[in-house]
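Accompanying notes for the structure given below.
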Amino acid sequence: MSKPALAAWWLAVAGVAGAAPADYQLTPTHSFVHFEWTHAGLSTLRGRFDKVSGRVTMDRDARRGQGRIELRLDSVNTGRPALDAALRLALGADTEPTARFELVSMRFDGDRPAAATGRLTGRRLDLPLEALAAHFNCYFNPLLKREVCGGEFEATVEPAALGLSIDPSFGLAGPIRLRLQVEAIRQEGAP
C-alpha cells in the first residue's frame, strides 16, 4: 500500500473509532438526585435520593446519547425522619423501591449535552421529562486512567405528576425542582 493510501486508510479508521459511542457507568459516590420543594412559603426543603446507579451511552461527535438511571426511592433523605417515612410511603417505595429515568435522547451544544430527554417511570408514574444541563464536562482522570464525564441536569415537576400526595401538615407546596448530579466513568478504552 502506498504512503498516501496508507495515510487515507489510517484517517478513515481513526475517524470511525473517534465517532464510536462510548459507554459510561455512573459512580455511586458522586451521582445523586437532589430535590427542592417550597416549605410553607418560607424556605426551601432540600433532600436527595442517596442511591443512584445507571449507564449512559454517548457519542459526542454524532451528538447522540441514551441510557438508564435508576434511583432507590427508599433512599430518600431530607434529614427529617418523619418526612422521609411519609415520602417513602407516598412514592410507594415499600412495594417498588426503584424508579427509572429512561434517557431516550440528548440535545447537544457543541460536543456537550445541553439537555437529556426521556421518561421517568415507576409503579405509580410514567411521565415525560426533559432535564436541562446546568453544566457538563469530561476529563481524563489520571488515577483511573480513563475518561470521566459529569454534570448537573435540572427539571421541574408538579407533585401530582409524580403521584405524590403528602400530609399537608408538612407544609410542602408548589413544584419540585429536581437536580440530577451525575459522574460516570468510561467503560471502554481511554479516549
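The values are calculated or read from the model by the stated rules, or taken from the named source; none is laboratory data. Worth saying up front: this structure is predicted, and the values here are computed from it rather than measured. Positions of Cβ are backbone-derived with ideal geometry, glycine not excepted, and every protein chain shown enters the neighbour counts.
Take the conditions closer than 17 Å to residue 54 by Cβ, surrounded by fewer than 17 Cβ atoms within 10 Å (Cβ to Cβ), of a type in the set (Gly, Ala, Ser) and touching a residue at least 24 places away in the same chain (Cβ under 8 Å) and apply them to residue 105. Does it pass?
So residue 105 passes the test.
Considering each residue of segment 68-113, count those that are of a type outside the set (S, T, N, Q), on the phi < 0 side of the Ramachandran plot and out of contact with any helix residue (DSSP H, G or I) (no Cβ under 9 Å at 6 or more places or on another chain), and give that number.
Matching residues across segment 68-113 total 21.
Among all residue pairs at least 6 apart or on different chains, which show Cβ distances below 8 Å where the first residue, located in segment 28-45, is aromatic (Phe, Trp, Tyr) and the second is assigned to a loop (DSSP other than H, G, I, E, B)?
The qualifying pairs are 32/50.
I need the full set of residues from segment 99-158 which are of a type in the set (Asp, Glu), in contact with a strand residue (DSSP E or B) (Cβ under 6 Å, 6 or more places away or on another chain) and not in a strand (DSSP E or B), in order please.
If the condition is that a residue be of a type in the set (Asp, Glu), in contact with a strand residue (DSSP E or B) (Cβ under 6 Å, 6 or more places away or on another chain) and not in a strand (DSSP E or B), then 158 is the only one that fits.
Condition check ((1) modelled with pLDDT under 95; (2) over 15 Å from residue 31 (Cα atoms); (3) in contact with a His (Cβ under 6 Å, 6 or more places away or on another chain); (4) buried (at least 16 other Cβ atoms within 10 Å of the Cβ)) across all residues:
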position	(1), (2), (3), (4)
41	yes, yes, no, no
49	no, no, no, yes
63	yes, yes, no, yes
71	yes, no, no, yes
75	no, no, no, yes
78	no, yes, no, yes
89	yes, yes, no, no
109	yes, yes, no, no
123	yes, yes, no, no
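Out of contact with any strand residue (DSSP E or B) (no Cβ under 6 Å at 6 or more places or on another chain) and within 29 Å of residue 106 (Cα to Cα), is that true of residue 29?
yes
Go through (1) over 20 Å from the mean Cα position of the chain (by Cα); (2) assigned to a strand (DSSP E or B); (3) surrounded by 15 or more Cβ atoms within 10 Å (Cβ to Cβ) one by one and return the number of the condition residue 53 breaks.
Result: residue 53 fails condition (1) only.
Give segment 63-84 a look and list any residue that's among the small types (Gly, Ala, Ser) and touching a strand residue (DSSP E or B) at 6+ places or on another chain (Cβ under 9 Å), or say none.
65, 67, 75, 79 - these are the residues of segment 63-84 that are among the small types (Gly, Ala, Ser) and touching a strand residue (DSSP E or B) at 6+ places or on another chain (Cβ under 9 Å).
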